[in-house]
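**Q** First, the structure itself, so that you have it in front of you.
The values are calculated or read from the model by the stated rules, or taken from the named source; none is laboratory data. Keep in mind the model is a prediction, meaning the values are calculated, not measured. Every residue, glycine as well, gets a Cβ built from its backbone with ideal geometry; the counts of neighbours run over all protein chains shown. Just so you know, the surface numbers come from the protein's heavy atoms only, side chains and all, with ligands and any DNA or RNA stripped out. Shrake-Rupley method; radii C 1.70, N 1.55, O 1.52, S 1.80 Å.
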Amino acid sequence: MGWIIISLLLPIFTPFLFYWALKGFAFPSAPKVIQMIKDGQLGWVGAGYAIGAAIAFLCASSAIAAVGTMLPVTYPKPAGIVWMKHFEIMIKSVGLTAASALLYGLVHYGTVGVQTLQA
């Protein structure tokens with residue numbers, strides 16, 4: 001359980017903890033939590049997980065993070081646009097990060113990987 005908390009949950013939630021801790025200070029802008037992930041920033045976390053899991057997940061996570069940087073979306077969402085379409089990159093980065101974390105955990109615990117293939 002300790003490995004899951006330190007290796008999987010901490011990289012995702014630490015930026016949110018700092019966000020909430022810094023909210024009390026006076027900053028020129030007051031961003032919303034969604035602005036931390038709306039442009040695919042979780043792709044960077046997914047890429048880190050993928051290093052220990054699969055090269056395809058690494059490439060996909062890195063591509064999503066880069067595309068999100070080049071094609072940022074507005075916040076709040078403009079009227080008349082479907083939420084899931086507007087935040088498509090964010091949804092993909094969340095899904096890919098979750099899949100990379102799951103695969104990373106399976107590889108770490110020896111559930112999948114070279115040992116399974118040799119058995």
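**Q** Using Cα atoms only, what is the angle between the long axis of helix 42-51 and the major principal axis of the chain, expressed in degrees (0 to 90) to the nearest 10?
**A** 10 degrees
**Q** Still on this structure: Using every pair of alpha-carbon atoms in the chain, split the distances into 10 Å bins beginning at 0 and state the percent of pairs per bin, rounded to integers.
**A** Binned Cα distances yield the sequence 13, 36, 31, 15, 4, 1.
**Q** Add +1 for every Lys or Arg and -1 for every Asp or Glu among the other residues with Cβ under 10 Å from the Cβ of residue 90, and state the total. If you can, show how the numbers build up before the last one.
**A** Details: positive: 38, 92; negative: 39, 88.
Every neighbour counted, the sum reads 0.
**Q** For a quick check, take a GNM of the chain with Cα springs below 10 Å and name the residue from 94, 67, 45 with the largest mean-square fluctuation.
**A** Among 94, 67, 45, the largest mean-square fluctuation in the Gaussian network model of the chain belongs to 67.
**Q** How far, in degrees from 0 to 90, does helix 88-108 lean away from the longest principal axis of the Cα atoms of the chain, to the nearest 10?
**A** 30 degrees
**Q** Sorted from largest to smallest, which semi-axis lengths in Å does the alpha carbon gyration tensor of the stretch 10-75 give for its equivalent ellipsoid, taking the root of 5 times each eigenvalue?
**A** Details: eigenvalues 133, 49, 7 Å².
Whole-Å semi-axes of the equivalent ellipsoid: 26, 16, 6.
**Q** Using only the alpha-carbon atoms of the stretch 43-105 as identical scatterers, what base-10 log of I(q)/I(0) does the Debye formula give at q = 0.17, 0.24, 0.25 Å⁻¹?
**A** Scattering profile of the stretch 43-105, log10 relative to I(0): -0.56, -0.87, -0.92.
**Q** What ³J(HN,Hα) values, in whole Hz, does the Karplus curve 6.51 cos²θ - 1.76 cosθ + 1.60 give for the stretch 70-87 when θ = phi - 60°, with x put for Gly and Pro?
**A** Those phi angles translate into 7, 10, x, 9, 7, 9, x, 4, x, 5, x, 9, 5, 3, 5, 6, 5, 9 Hz.
**Q** Ignoring ligands, DNA and RNA, what accessible area per residue does the stretch 1-58 give at 1.4 Å, in Å²? Before the final figure, lay out each step's value.
**A** Working: 3750 Å² over 58 residues.
Solvent-accessible surface per residue comes out at 65 Å².
**Q** Can you spot the lysines whose alpha carbon is less than 19 Å from residue 85's alpha carbon? Ignore those fewer than 8 places along the same chain.
**A** In chain and number order, the partners are 38, 77.
**Q** Give the calculated FRET efficiency between residue 59 and residue 10 to the nearest 0.05, with a Förster radius of 35 Å applied to their Cβ-Cβ distance. Show your work: numbers first, answer last.
**A** Numbers: r = 24 Å, r/R0 = 0.69.
Step by step, r from the Cβ atoms, then E = 0.90.
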